[in-house]
C-alpha cells in the first residue's frame, strides 16, 4: 500500500497529509515524553523491528497479488495508540529514506494511510470491542476486527487520495482498492490475532485492559514541575 | 555480561527477517495491482536511496543482496525507535509520579480525579 512519488501529484493533497502526519506524530511524541519510563523503551524498539520485518515479507494473496502485514493495530494493542503512532512513523520513514519504498512527497500520505488509520481509528474500535467483550476471546476478536478495518480503511483512503489528485472518476479507484484489500485485510486479521494469542500466553500483562486504556486515556503527570 | 531477553528477541527478528526476506513474494501488492489494472496514471520519479527496493548495491548473490538490505533496514528502524524512546524515557515521569492505573469506573466519570497526586 506504499504510495510512490508520481501517483499523488496534487500538492494540496500530499501537503495536507504532511500537516496531519507531522502534527499527530508531534503530539504523540510530546504526550509520551511525559509518560515514557526508561524500562519501556526496549519494547518500542522490538515492535519497530517486528513491524519492519512484517512489512517486507510479502506473501501471495490471490492471482498475481501479494500482501504483507501492516502491524499498526498489533502495535497499538501492545503499546497504546500514541506509542504505536511513533513506532509506525519511524518504520515508514526508514522504508522511504533507506529503501525508496514509498515516495518522499508521499511520506505524510503513507504515515496517515498505514500508520494513523490503524493506530488511532483501528485501535479505537479495538478498545471499544474489548470493553464490550472482556476476556481472551475478546482480545482476539477485537484484534482481528481492528486489524481488518485498518487495512480496508487505509485502502479506501488511498483510493480517495488518488481521486482527489486529478483522477477523472471519483468512485472507481476507491472501489478497486477496497476490493483488492479485502483479502489482504483477512491476512492482517489472522496474523494480528495469532500474534495476540502468543502474547496472551507469554506476556498477558502487555494486553491488560487497564494498561492499554491507561496509556490511552489518562494524563499521568500533569503535576510535573 | 548477561544479555537481556529483549535484545535476544530483537536480534532474532533482525536475523530472522533477513533470512526470510529473499523468499518474500515479488508479486505486485494491492495498490500496484490496482494501478496496473485500472490504468491509473503515474509519473516515473527516480528516488535515491542507499538500499533501493530492499536490495544491497554491490552484492552479487541475489539472496544475500535481499537479506543484508532487510536486516539493515530492520536494525535501523529498531535502533532509531529505541534511541527516540530512551530520550523520551529520560524526559519521562519522575519516580514519584509513576502511579498505578486508574480504575475503569473512575476514569469513565472524570479522568482527572485519579492518577498521580495533583494539588488542586
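The values are calculated or read from the model by the stated rules, or taken from the named source; none is laboratory data. Source: prediction; values computed, not measured. Please note: Cβ atoms are built from the backbone with ideal geometry, for glycine as well, and neighbour counts cover all protein chains shown.
Okay, residues lined up against (1) more than 13 Å from residue A:1 (Cα to Cα); (2) at pLDDT 80 or above; (3) surrounded by fewer than 17 Cβ atoms within 10 Å (Cβ to Cβ); (4) out of contact with any strand residue (DSSP E or B) (no Cβ under 9 Å at 6 or more places or on another chain):
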residue: A:153; (1), (2), (3), (4): no, yes, no, yes
residue: A:164; (1), (2), (3), (4): yes, yes, yes, yes
residue: A:191; (1), (2), (3), (4): yes, yes, no, yes
residue: A:198; (1), (2), (3), (4): yes, yes, yes, yes
residue: A:205; (1), (2), (3), (4): yes, yes, yes, yes
residue: A:218; (1), (2), (3), (4): yes, no, no, yes
residue: A:223; (1), (2), (3), (4): yes, no, yes, yes
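Among the numbered criteria (1) more than 7 Å from chain A (Cβ to nearest Cβ); (2) out of contact with any helix residue (DSSP H, G or I) (no Cβ under 6 Å at 6 or more places or on another chain); (3) outside any helix (DSSP H, G or I); (4) modelled with pLDDT of 90 or more, which single criterion is violated by residue B:3?
(4)
For residue B:76, state whether it is more than 30 Å from residue A:178 (Cβ to Cβ) and in contact with a helix residue (DSSP H, G or I) (Cβ under 6 Å, 6 or more places away or on another chain).
So residue B:76 fits the description; yes.
Among (1) touching a helix residue (DSSP H, G or I) at 6+ places or on another chain (Cβ under 9 Å); (2) surrounded by fewer than 18 Cβ atoms within 10 Å (Cβ to Cβ); (3) closer than 26 Å to residue A:177 by Cβ, where does residue B:25 come up short?
(1)
Among the listed residues A:80, A:102, A:67, which satisfies the condition of being over 19 Å from residue B:9 (Cβ atoms), crowded, with 23+ Cβ neighbours inside 10 Å, in contact (Cβ under 8 Å) with a residue 60 or more places away in the chain and in contact with a strand residue (DSSP E or B) (Cβ under 8 Å, 6 or more places away or on another chain)?
A:67 is the lone residue from the list that is over 19 Å from residue B:9 (Cβ atoms), crowded, with 23+ Cβ neighbours inside 10 Å, in contact (Cβ under 8 Å) with a residue 60 or more places away in the chain and in contact with a strand residue (DSSP E or B) (Cβ under 8 Å, 6 or more places away or on another chain).
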